[in-house]
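The values are calculated or read from the model by the stated rules, or taken from the named source; none is laboratory data. Nothing here was measured: the structure is a model prediction, and the numbers come from that model. As a convention, Cβ positions derive from the backbone with ideal geometry for all residues, glycine included, and neighbour counts pool all protein chains shown.
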């Protein structure tokens, strides 16, 4: 049996010293405004995994009203979500993530993102796609006011 899930997340940007995306810290003149570390790519991935299992989204599982999640590394949230995937009797077949951002530029970091995400998902790097696109200066993301991410996963019964 297979299950497909889709996730989406978006966060505002403000002046800062870097962001975390796809589990990788990227030095840049911005920071993500968020309760956790603001890794929109991992948040979208978590929602895709949870959606494939018809479970509540990360906002319900890890609410921003809970002090335990203040500044938390999103890879820890992903580990908890992956425990639920395994508990449900599934494994990740593949995942595909898309970042939508005018800044920061992530091309130099894609290999590290794929490696980090593959390790967290328990799959080979060849099963994790990571790509980025810009809105070419259009809208709030194009004005560098925020960023967004989409993720799609395919789960296979273990």
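You will find that of 81, 106, the residue that is closer than 19 Å to residue 48 by Cα and crowded, with 21+ Cβ neighbours inside 10 Å is 81 and no other. Restricting attention to the stretch 35-52, the residues being modelled with pLDDT of 95 or more and more than 21 Å from residue 119 (Cβ to Cβ) number 1. Across the stretch 128-158, the qualifying residues are those that are in a loop (DSSP other than H, G, I, E, B) and in contact (Cβ under 8 Å) with a residue 40 or more places away in the chain, and the one among them that is surrounded by the fewest Cβ atoms within 10 Å (Cβ to Cβ) is 158. Out of (1) free of Cβ contacts under 8 Å to residues at least 24 places away in the same chain; (2) in contact with a strand residue (DSSP E or B) (Cβ under 7 Å, 6 or more places away or on another chain); (3) part of a strand (DSSP E or B), the odd one out for residue 13 is which? Going through (1) free of Cβ contacts under 8 Å to residues at least 24 places away in the same chain; (2) in contact with a strand residue (DSSP E or B) (Cβ under 7 Å, 6 or more places away or on another chain); (3) part of a strand (DSSP E or B) one by one, residue 13 breaks only (1). Here 96, 73, 57, 66 are screened, and the one residue that is in contact with a helix residue (DSSP H, G or I) (Cβ under 8 Å, 6 or more places away or on another chain) and surrounded by fewer than 20 Cβ atoms within 10 Å (Cβ to Cβ) is 57.
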